[in-house]
1. Where residues in the range 88-111 are open to solvent by 70 Å² or more (accessible area, probe 1.4 Å) and part of a helix (DSSP H, G or I), which of them is nearest to Val151 (Cα to Cα)?
2. Could you check Asp126 against (1) of a type outside the set (S, T, N, Q); (2) out of contact with any strand residue (DSSP E or B) (no Cβ under 7 Å at 6 or more places or on another chain); (3) open to solvent by less than 30 Å² (accessible area, probe 1.4 Å) and say which number it fails?
3. So Ala43 passes all but one of these: (1) within 15 Å of the chain's Cα centre (by Cα); (2) open to solvent by 40 Å² or more (accessible area, probe 1.4 Å). Which condition number does it fail?
4. Here is a list: Val71, Val55. Which entry is closer than 23 Å to Val15 by Cα, within 11 Å of the chain's Cα centre (by Cα) and among the aliphatic types (A, V, I, L, M)?
5. Hey, any hits in the range 9-20 for a residue that's touching a Ser or Thr at 6+ places or on another chain (Cβ under 7 Å), over 23 Å from Ser100 (Cβ atoms) and open to solvent by 30 Å² or more (accessible area, probe 1.4 Å)?
Amino acid sequence: MEIALRAVQDSDLPVFFRQMTDPEAVRMAAFGPERPYDRQAFAAQWQRLRTASQVLRTILADGDVAGSAAVYGAAGEREVTYWVDRAYWGRGVATAALRSLLAEVPERPLYARAAADNAASLRVLDKCGFRQTARARGYASGRGEEIDEVVLVLPD
């Protein structure tokens, strides 16, 4: 499967909304939007993201929209995030996409966060060179409760 990144296009947003409202994916990701099923909140968030100085990419798998990847935040505190359609889980898409994103954004350090029980995402981050630096506890809107979270860094 060929994995590529490109700039986000308007036509990607309905696909992202469908992907990001999959109940199993929302639960797995845990730390997502406060109102993950609210289309207006989703549209407003993406409008803000697209007008800010963030690195936002669409993940393509053999030409199909498979998810999104981004680097966001203030210099010195920038974080990576990604979301992959459940149909592509376990197929190396997230790892390949994150590697491409990291090659595109050379600044370091970069940070990431994942639910402590999200073994798949933690494995992706580990394969891409991120190392655990802390554990925290926070409210996960995707689960409606506080859960353990892992904070990771990709050093200089």
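1. For the range 88-111, the residue satisfying everything is Arg99.
2. (3)
3. The failed condition is (1).
4. Only one candidate qualifies: Val71.
5. No, the range 9-20 contains no residue that is touching a Ser or Thr at 6+ places or on another chain (Cβ under 7 Å), over 23 Å from Ser100 (Cβ atoms) and open to solvent by 30 Å² or more (accessible area, probe 1.4 Å).
The values are calculated or read from the model by the stated rules, or taken from the named source; none is laboratory data. For clarity, every value in this text was computed on a predicted model and none was experimentally measured. Quick reminder, even Gly has a Cβ in these numbers, built from the backbone with ideal geometry, and neighbours come from all protein chains shown. All accessible areas refer to the heavy atoms of the entire protein, side chains included, with ligands and DNA or RNA removed. Shrake-Rupley method; radii C 1.70, N 1.55, O 1.52, S 1.80 Å.
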